[in-house]
There are 2 protein chains.
Amino acid sequence: MKTPTKRDEILQAALELIAEHGFHGAPMAMIAEKAGVGAGTIYRYFETKDVLIRQLFEELKAKIMAALLAGHPTGKPARERFSHLWKVLFRYLVANPLHHRYMEQYHNSPYGVAQHRDRLLNKPDEQDPIRSLFEEGIEQQILKDLPIMVMFSLAFGPLFGLIQDQLNGFIEMDDALIEKTVGACWDGLKR
Amino acid sequence: MKTPTKRDEILQAALELIAEHGFHGAPMAMIAEKAGVGAGTIYRYFETKDVLIRQLFEELKAKIMAALLAGHPTGKPARERFSHLWKVLFRYLVANPLHHRYMEQYHNSPYGVAQHRDRLLNKPDEQDPIRSLFEEGIEQQILKDLPIMVMFSLAFGPLFGLIQDQLNGFIEMDDALIEKTVGACWDGLKR
DNA sequence: TTAAGCGGAGCGAACGTTCATTCCAGACCT
DNA sequence: AGGTCTGGAATGAACGTTCGCTCCGCTTAA
């Protein structure tokens, strides 16, 4: 890691402020101050606040996807791949609470719906290990025959809720409990 | 239903605007206009915008809890009670999309965290059919022995995700699919 | 080798807009 | 009449964005 560029400093400051205080608790002036740049400088890198928010989302999404893909046991049984994906995602979000909180904020907002709509109606993301896991599993009759979207909610709905609880300090998920929880999610999915 | 009081009109207008456009897309002036009252009138009923937002949350929470309690098959087997709770909640939120969207907004916001913290640290809500269902089920070894909070996420995490998808028009959950999905959630929970 | 010129990055005061909240003149009861 | 309630203009604070200036590294000319 070299010295971050000003663009990076701005994105990082925006991430911290928005994740912690919401879109409205993060005025451009405050982002600028935290990033150590002038207010006008932000506009050299991002046309508007909206663009800044959207680009930050794209960067975080890419990082998360990279984490999911790294070390993915392609070719191994579905159960094992599922367990890996779930645990990697869980650990990533716990290790990067700001990422989680930002994504969460983004999702419940005008931005999020358009985003989600595009994700579904456009090409199905060539490299999506989750989707292909579900499709294979259904085809091989390992998994229940439910719409992909239902499968996704069954598998990861609990995850997002638990991340939130853990970040808020309401529960401490150790490795054993994570393992049991992955198992429970799988029980919901499997035929 | 009598003619609604001004207070009710204000709450209803706030619900519609906030659910649809977020906290920031719902200026007091707009709420006043939609409610058919003067801007100043709102302040006769609610000290600040924050108070209005919080009281609206409390009202919605009470309505949802009432729906959960109505017709609840107390004394029937855990599996049946679970199915009832899940379906009632699902149908309620689909039938009242504004309620769902408002609650969702509220939860991911400074308000939400404090709320959640209180809910846990204070008294456990004497009349909570969900919590008691889980506690009994675990004791009778019908359910997996997991923390209540994990049980809750396993059971209702998928529900909230699916509601969102349904409200956004990404999926259409008919009765058969709802039934299958409740079954899948139960499979995750049961021992 | 130096000096002048150039251009783009950076800054932050200033602008116009939007918002929550206040205030008070009138309307509406009793 | 006296008291309470109502509406919406007025207020002041906060925000996103703009703009003209400064600064600095590089090129060019002598």
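The values are calculated or read from the model by the stated rules, or taken from the named source; none is laboratory data. The model shown is predicted, which means the values in this text are computed figures rather than measured ones. Cβ coordinates were reconstructed from backbone atoms using ideal geometry, including for glycine residues, and neighbour counts include every protein chain displayed.
Has the stretch A:92-112 got any residue that is without any contact (Cβ under 8 Å) to a residue 40 or more places away in the chain, over 21 Å from B:GLY22 (Cβ atoms) and either surrounded by fewer than 16 Cβ atoms within 10 Å (Cβ to Cβ) or over 12 Å from the mean Cα position of the chain (by Cα) (or both)?
yes
Of the conditions (1) surrounded by fewer than 18 Cβ atoms within 10 Å (Cβ to Cβ); (2) more than 14 Å from DNA strand D (Cβ to nearest atom); (3) under 21 Å from A:PRO4 (Cα atoms), A:ARG44 satisfies every one except a single condition; which number is it?
It fails just one condition, (2).
Quick check, is A:GLU126 at pLDDT 95 or above, away from every other protein chain (no Cβ under 14 Å) and farther than 17 Å from A:PHE160 by Cβ?
no
Take the residues in the stretch B:20-72 that are in a helix (DSSP H, G or I) and within 14 Å of chain A (Cβ to nearest Cβ); name whichever of them is nearest to DNA strand C (Cβ to nearest atom).
Here the residue is B:LYS49.
Quick check on this structure: which one of A:PHE156, A:PHE152, A:PHE170, A:PHE160 is part of a loop (DSSP other than H, G, I, E, B) and at the interface with chain B (Cβ under 9 Å from one of its Cβ atoms)?
That would be A:PHE170, the only listed residue that is part of a loop (DSSP other than H, G, I, E, B) and at the interface with chain B (Cβ under 9 Å from one of its Cβ atoms).
Out of all the residues in the stretch B:134-149, which are part of a helix (DSSP H, G or I) and touching a strand residue (DSSP E or B) at 6+ places or on another chain (Cβ under 9 Å)?
If the condition is that a residue be part of a helix (DSSP H, G or I) and touching a strand residue (DSSP E or B) at 6+ places or on another chain (Cβ under 9 Å), then B:PHE134, B:GLU136, B:GLY137 are the ones that fit.
From the list A:ALA14, A:ALA78, pick out the single residue that is on the phi < 0 side of the Ramachandran plot and more than 16 Å from DNA strand C (Cβ to nearest atom).
None of the other options fit; the residue is A:ALA78.
Can you tell which of B:GLU9, B:GLU20, B:GLU59, B:GLU80 is touching a helix residue (DSSP H, G or I) at 6+ places or on another chain (Cβ under 8 Å), under 30 Å from B:MET151 (Cβ atoms) and charged (D, E, K, R)?
B:GLU59
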